[in-house]
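The values are calculated or read from the model by the stated rules, or taken from the named source; none is laboratory data. All figures in this text were calculated on a predicted structure; none of them were measured in a lab. Here Cβ is always computed from backbone atoms with ideal geometry, including for glycine, and neighbour counts include all displayed protein chains. Heavy atoms of the whole protein, side chains included, go into the accessibility calculation; ligands, DNA and RNA do not. Shrake-Rupley method; radii C 1.70, N 1.55, O 1.52, S 1.80 Å.
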Amino acid sequence: PNDAWVTLIEGWRVEEMAQKLSPEFLKYAKEGYMFPDTYLFPKDASASAIVVKMTSTFKSKTASLDSSGSPLSFQEKLILASIIERETKTDEERPIVAGVLMNRLNIGMALQVDAAVQYAVGTPKNWWPILTRDDLTSVSKFNTYKYAGLPPSPIANPGISSIKAAYAPKDSDYWYYIHDPKGLIHYAKTLSEHNANVSKYLEK
């Protein structure tokens, strides 16, 4: 009776977790490192103790991952994992999307991921808003349409499958992807293929 189960969802940012826990959580939480899971916390647990528990869970889940499959640093892989978490729907998609993003990173091409821009412009009313044209021109290092490379820090707290995908991206010739209104993903090898997918699945 003195404990409570709390479920924290993959892809939430720390502000969303704080809404489930307490505002004080934000004083101690570090974006990307708060492992999403179902926890049993004492009802009187302090915010700092909750963060310690979530951070130790994160460390135990990631300790055995093999980093030989990616040239990125640990922090860079975590940033990539947070993007993958927000940009994908299924475990099968994640390594492929990771590969698409790595293809872009490797040639200095802008990632152009909506989720990072959403992180920059989100508010307590809607942390993940549908983007406007003005949002895509916002001057923020999280605007991956405006600035090439990874954003400066994670944009959410990824689950283990997204982290694994960032560690082992799948090689492919794909450079683009979209999700249709049903949530199905469509990849493209060229811009013309991508534009055709957009026209076919999104512009209706």
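Worth pointing out:
- Sequence of ILE163, ILE107 when ordered by accessible area, the most exposed leading, probe 1.4 angstrom: ILE107, ILE163
- Too-long pairs where the Cα-Cα distance tops 29 Å, listed order kept, from LYS164/LYS200; LYS59/LYS89; LYS59/LYS146; LYS53/LYS164; LYS30/LYS146; LYS27/LYS77: LYS164/LYS200; LYS59/LYS146
- Kirkwood's formula applied to the C-alpha pairs of segment 31-130 gives a hydrodynamic radius of 15.8 angstrom.
- Judged by the gyration tensor of its Cα atoms, with axes a ≥ b ≥ c, the chain is prolate; a/c meets the 1.5 cut and a/b is the larger of a/b and b/c.
- Heavy-atom accessible area, probed at 1.4 angstrom with all protein chains present, ranks LEU21, LEU202 as LEU202, LEU21, highest first.
- FRET E, pair LEU26, ILE107, Förster distance 25 Å, beta-carbon r, rounded to 0.05: 0.10
- Of the GluC sites (Glu not before Pro) in segment 76-113, the ones in a loop by DSSP (not H, G, I, E or B) with at most 15 other beta carbons within 10 Å are GLU92.
- LEU8 long-range amide H proximity, modeled H, under 5 Å: ASP37, THR38, TYR39
- Low-density loop cleavage sites - trypsin sites (Lys or Arg not before Pro) in segment 71-104, where at most 14 other Cβ are within 10 Å (DSSP): LYS89
- Segment 134-204 shape via C-alpha gyration tensor axes, a/c threshold 1.5: oblate
- Here the Karplus curve 6.51 cos²θ - 1.76 cosθ + 1.60, taken at θ = phi - 60°, turns the phi angles of segment 120-125 into couplings of 6, 9, x, 9, x, 6 Hz, with x standing for Gly and Pro.
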